[in-house]
1. Which FRET efficiency value, to the nearest 0.05, do you get for A:R386 and A:R254 by plugging their Cβ-Cβ distance into 1/(1 + (r/R0)^6) with R0 = 45 Å?
2. May I ask you to derive the relative contact order of chain A, considering only C-alpha pairs under 8 Å and at least 6 residues apart, and to give it as an integer percent?
3. What's the ranking of A:784-797, B:44-57 by average number of surrounding C-beta atoms within 10 Å, highest first?
4. Just from its helices, what would the mean residue ellipticity at 222 nm be for chain B, if runs of 4 or more DSSP H residues each count -39500 (n - 2.57) and the sum is divided by every residue, rounded to the nearest 500 deg cm²/dmol?
5. Please rank A:I681, B:I369, fewest neighbouring Cβ atoms within 10 Å first, as an exposure proxy.
6. One-quarter of the Cα convex hull surface for the range A:127-168, in nm²?
7. Please give the peptides A:757-763, B:390-396 ranked by average Cβ packing (other Cβ atoms within 10 Å per residue), highest first, as a rough proxy for protection.
8. Other chains near B:192-204: what is the mean number of their Cβ atoms within 10 Å of each residue's Cβ?
Amino acid sequence: MAQTARNRFVCLLLVCVGSLSLCAPTFATDFDALIQSSCIECHGANTETRLDFTTLGKDFDHPESFRKWVRIFDRLKSGEMPPPGETQPSKAVRLKALSFLESELKQANQRSQKTIGRVPSRRLSRMEFEHTLHDLLGIGGDLARHLPPETESGSFDVVAATQEMSSVHVRGLLMAADLALDEAIQLGSRPRMAKREIDYFHSRYIQMWVDRPVRRGGGTIFKTDRDVVTFRGENYVFRSDNNGFRPPVAGRYRITVKAAAHQPRSSITVSLKRQNDRQGESELFAAWDLVGSDYRELSTATYLRPDDYIYVSADELEPARDGRVIYNAKSASTFGGEGVKIRRVTVEGPLETSWPPERTRKLFPGVEWKASTDKRRGRAYEPVLRDSPLEHARAIVSAIAPKAWRREVSDSEIDALVALAKPSLEAKRDFVDSVRIPLRTILVSPGLLFQTGKAGSLDDRALASRLSYFLWRSLPDDELNQLAAEDRLSDHQTLAGQVDRMLADPKHDRFVHEFLDQWLELDTIDATTPDAFLYPEYDDVLRRAMLAETREFFAHLIDKNLSVAHLVESDFTFLNRRLAEHYGIEGVEGEVMRKVQLDPASVRGGLLAHASIAKVTANGTVTTPVKRGNFVLTNLLGLPPKLPPPGVGAIEPDTRGATTIRETLEKHQTLDACAVCHRTIDPPGFAMECFDPVGNFRERYRNSKRVTRETNIGLRFLHKDYKLGLPVDMSGVTENGFEFNGIRDYKTHLRKSKEQIARNVLSKLIAFSTGAEVQFADREEVERILQATKDDGYPLRSLIHHVVASRLFRNR
Amino acid sequence: MHTPISRRAVLKASGIAISLPFLESMNSAMGREPVAPPKRLVLVCNTLGLHPPSLFPKTAGSEYESTGYLDLLKKHRNDFTLFSGLSHPDQNGKQPHDTEMTWLTAARNPGLGGFKNSISIDQFAARHLGNATRFPSIVLSSNTQKSQSYTSNGVMLPAQHRPSTVFAKLFLDDSPREQRRQRQRLAEGRSILDSVAEQTQTLRRQTGSHDRRQLEEYFTAIRAAEAELAETGAWLDRPKPRVDEKPPRDIADSADLIGRTRSLMNLIPLMLQTDSTRIVTVVIQDHLVVPRIQGVTAEHHNLSHHGQDPQKIEQLKIIETEIVKCFADFLSRLAQPSEADGRLLDQTSVLFGSNLGNANAHDPSNLPIILAGGGYDHGRHVAYDKRNNIPLCNLFVSLLSKMGIETPSFATSTGKLTW
């Protein structure tokens, strides 16, 4: 030790003596001058600012001081510091200081990445856990809800640094694993799988509601000679459990609906909704257009659990021409409003080819099943064991553990797992119950829950796992595992080939959904609900189409490898009839989302014109340019504005119609303390003012007419209560002086920031795929990828390929 | 923390079908000297604030002039203290409503980059009381799973929002078959956790020393869960207390904020009387829908941003009046004589308030804070400096002390509030 230290000292001395300019840069020579001349006056020992250079640690390997120095570097580099009006350092001093700091910080960061790794061990997010169990066991029920929600930390839920664990998680995991095994192991009597009818027409329950007068809650449906006709959505009279159908077991079911529009004057939607005993709100899982008066037969497959029930719902119904709604009609049969005629609803399933189902058989390899005579446990099947129960237990555990843990599992680990079943087997308890113990252990063990490993480059198994959790949010499949086992995955070409294969697999929808849910905050679409009287057009069917537009658009950019510039402005988008009507675009028929070429004069095109984005950036019934401007800066550009100073109140929205939000925001422009930030934050929001909270294009605000509102639920969608008020001012001037009038103008301006948007998207992809934000030493790699994709306009699929091939992805 | 009431005493008594008042019966049933009733803590938050001019009197002290909202609590005037000038410091967050996360924790700058919440006062207290009761704490919310209760490493405890489920958990015994099944699962759960803990230890040894945080947290979490399972197991053998009330029906309509809140809060006196728990938190929060109250036509959230529009304020006051009435009725139930030596209210500190002082401007200072019951000297409006607020945590320290938990500080406290 001493020897090396002395040698180093001698070397250093020699270099220094040889030439002063070659002397290793030090803090004293390269940075101190800058501090003394330009910083210390405000950032010294007895100053009011939070930064104090006299006490700031200079050990860059210390995480806390490292973080501070990175901030100093960034502010210095951007020219934000020293602020205008203060003593400015000479160009030479500044450059010297910057280059010194850059190289020191990079080296410190690299040292830590080499020894500790870039990404600490991280656990699967609750959604990743759910997908993993789904894929591993061939099931489909909701498991994530048993785990506590992820911490709101301003980053992706997979980012290791902000993840937490507690006994709440552990108990939730145990519960979820138990329920997952309940769903996977189906040994009850073989359910009736053939097609059967939910016979609304002959249902006594339906008849009761047909006969019941309006004032006693009935009268919303009637029967023709063959159909049941309904005039409201979410009509509980159609609950399948009250009309003869509950799913007998968990599994996939095919539901077929034959229906037609009744007295149509416009498009009508018939949909299927799912509800269960646990959750209060229904979930829309299929929706179809009914046009004209022809019957349509429509079909969908979905996963249902025994506590679910479904119902047929009618949406987008217009009241009668005289304005009457079903509740104040004389009778349903003479009511003149739009409705839906339900002819026939059938259910087929569970869609299994054998019983016990394939997933149960797979979980118990080597075990045969025979009909059981002992029905006590609610089981109709019992195992036929060829070997000793312990041997079978070993075979079962050995088959699933390596898949679940994404690595080789040693004999001693298998022994330990099998040993968990042993006391139970020795006590002559049931074989299946006994084997469940090690199975449940596998599902909550750190091997399944954590992405972990040593610093340095990922081995093939770990690479397969990281890749798979990036693009599928779940376990590697057989092909990935095979390639990894043969150490072939790390080959550049093979890896790229796998990325393409994975992006072609339907499982990549999970990546698209969860990446966009968090990046664009689409998961907050239900955080606020617009006033149903001011925005009666907003319903589940529209909400679903809004989300689909953004997801399909983004998936298409990946699919066709199109430039990130499309995120700002694009000559196409994805629509179905409902959303196209919402946008005022003609010629789009049917419920299927498809690519639609936009008119060159359209305000649509690009994320900012998506109704989903208008919705998540709205504040319930009102919009605020501040929130939307902040969204553009933070989520799209990756340049979040600074926090408002303490004690600053939020702006006051006003729907009285006397003042507009622009007038309310005037202070932002006139008060210096506000303007310094708001001249950057507000302009994108001004441009987006042309979209109301549900994404309609507007030139005037909607104001309440103050009609008396009845609070009866179910009535709202039939009532409108608005008139057009003051005009919307959608003009503004950006911080750097670009004048715009409306969203189209603004988009042409925003397009100039293509590189910054690409940098942001790339950084998000890196954080999402690796579980750690871009660090100081990673910046070079980010810039390199940007350079490499610049000429093609930073196309999305290429960005994904570059991320996967990068040092950041290939190393822990 | 050892409580004066013996667990066995409660349990034995709870096997007998009794009507309330409960502890009274217990003492007589046991035929021995009455034991001192336990101290309880109930924390209720209305997340959208309370319109300040309708709540705060202009004058302080015991002769304060009542206000619209305080009129609703007139009957209880000597059973509560209204505080003004209390708040948590540094509550600028990512989103203006992020202070919902910190009302009971006081963690600074909620939701901002790298934010980590800290333990909430109810969980801090629950940890000290341990498993003296079947449920160390009960976490309720009117509409969602979102609660304000956080563990020491900042994990939110999911709230229960269905009164029927809460009632079943507290008062309905499972079938013998279900009990057997649960017992079996618990035993399995413990051996599973043992094995998982061991695996985690091995993995910890294999990973670098800098990289252990998550695995260490998992290990600690497993050990904590094991202890919790052991407690659950111990309680499984004991019958649940029986109450005369019928199981409540859930209200499916999420817009019926008041109905939902009321049916949850109705359960709290039962929980306390049966000593099923001593710590309860309640969040009153609609899902940004138009509450189904006569005369209200806009969302609660929207109305809270009334912008001084008198019509909006009028509607906001309708909602808040109903909420304050819920609270008043809750106090009335607690004030009924029930325990051996008096009223449940005297043993129960009830904090009612909000994480927003002025929701109109998202202002998290000058919080509305009403403390009722708990055996304090009440009847006053205690007004602190509006510009220079006292940390709400100072009051938390007093509340904890009342529970028998002496702590020199809690989160951002600077002392113990006395008034």
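Values quoted throughout were computed directly from the atomic coordinates according to the rules given, and no laboratory measurement underlies them. Everything numeric here is computed off the predicted structure, so don't read it as measured data. Because the Cβ atoms are built from the backbone with ideal geometry, glycine has one as well, and the counts that use them run over all protein chains shown.
1. E(calc), rounded to 0.05, equals 0.80.
2. Value for chain A: 11 percent.
3. Values: A:784-797: 16.4, B:44-57: 21.9.
Those peptides, ordered most packed to least, come out B:44-57, A:784-797.
4. On the way: 14 runs with 160 residues, N = 419.
Calculated at 222 nm, the ellipticity per residue is -11500 deg cm²/dmol.
5. On the way: A:I681 25, B:I369 21.
Placing the least packed residue first, the sequence is B:I369, A:I681.
6. Across all orientations, the range A:127-168 yields a mean hull projection of 3.4 nm².
7. Working: A:757-763: 21.7, B:390-396: 24.0.
In decreasing order of mean packing, A:757-763, B:390-396 become B:390-396, A:757-763.
8. Values: counts 15, 7, 2, 10, 13, 3, 2, 10, 5, 1, 4, 7, 3.
The per-residue average across the peptide is 6.
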